[in-house]
Amino acid sequence: VDETRFLFPSVDGAELNTRWDMQATPPDVLVTNSSMLNAMLAREVEEPILDQTRDWLRDDPDAYFYLVIDELHLVRGSSGSEVAGLLRMLVNRLGLDQPETRHKLRVLASSASLPVTGDQAAASLRYLWDFFGELGTFAAGANGATDPDFWRECVVQGEPVLPPTLGE
């Protein structure tokens, strides 16, 4: 078996390999970064991706938009403000800030450094409020977050899994 075939994308498979592919048929999963998201939101040529996604979210009752942010606690300072602004622009552009569709936004973010209990809880909840505001977790017909404490119930805390010690 020629294992070098795994080093290159397959142009005859399900991958969208060019921006033109994505503009013609928006992907179900888009992995991007803040620089490319900024470019997508600013360029007219990218409008089909955003328009078709907005229409799909509006028209399909089973459609949901998942926004995944890794290492959320690292998104700080002026660059963090820029990312938060870009995400709010994206939410607006996709129509997920409208009462009839905002329950379709699902935010999944990971962080090992945003405790919602103990001495640092208030700072973490303020950080989540400053980043997401009222967006992020809505039930159909609900108004969303009204204050930083709202975010406490949205956080799913993990439990450490410690390896067994020798002799146990």
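The values are calculated or read from the model by the stated rules, or taken from the named source; none is laboratory data. None of the values given here were measured: they were computed from a predicted structure. In this analysis, Cβ positions are derived from the backbone assuming ideal geometry, glycine residues included, and neighbour counts consider all displayed protein chains. For accessibility, only protein heavy atoms count, side chains too; no ligands or nucleic acids. Shrake-Rupley method; radii C 1.70, N 1.55, O 1.52, S 1.80 Å.
At a glance:
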{"quantity": "Counted residues, region 53-64 - those being among the charged types (D, E, K, R) and open to solvent by 80 Å² or more (accessible area, probe 1.4 Å)", "calculated": "3"}
{"quantity": "Filter result for F150 (modelled with pLDDT under 85 and open to solvent by 30 Å² or more (accessible area, probe 1.4 Å))", "calculated": "yes"}
{"quantity": "Residue match in region 121-133 (condition: under 23 Å from T32 (Cα atoms), modelled with pLDDT under 85 and open to solvent by 30 Å² or more (accessible area, probe 1.4 Å))", "calculated": "yes"}
{"quantity": "Criterion (open to solvent by less than 30 Å² (accessible area, probe 1.4 Å), in contact with a Lys or Arg (Cβ under 9 Å, 6 or more places away or on another chain), not in a strand (DSSP E or B) and not basic (K, R)) met by exactly one of L67, L50, L86", "calculated": "L50"}
{"quantity": "Qualifying residue in region 156-166 (condition: at pLDDT 90 or above and aliphatic (A, V, I, L, M))", "calculated": "no"}
{"quantity": "Of all residues in region 87-99 being out of contact with any helix residue (DSSP H, G or I) (no Cβ under 8 Å at 6 or more places or on another chain) and over 20 Å from M36 (Cα atoms), the one that is modelled with the lowest pLDDT", "calculated": "P99"}
{"quantity": "Sole exception among (1) free of Cβ contacts under 8 Å to residues at least 12 places away in the same chain; (2) of a type in the set (S, T, N, Q); (3) part of a helix (DSSP H, G or I) for S79, by number", "calculated": "(1)"}
{"quantity": "Condition check for A42: out of contact with any helix residue (DSSP H, G or I) (no Cβ under 8 Å at 6 or more places or on another chain), surrounded by fewer than 14 Cβ atoms within 10 Å (Cβ to Cβ) and hydrophobic (A, V, I, L, M, F, W, C)", "calculated": "yes"}
{"quantity": "Of residues in region 27-39 being touching an Asp or Glu at 6+ places or on another chain (Cβ under 9 Å) and under 15 Å from R93 (Cα atoms), the one surrounded by the fewest Cβ atoms within 10 Å (Cβ to Cβ)", "calculated": "A39"}
{"quantity": "Hits in region 98-120 - residues which are of a type outside the set (S, T, N, Q), buried (at least 17 other Cβ atoms within 10 Å of the Cβ) and not in a strand (DSSP E or B)", "calculated": "R102, K104, L114, V116"}
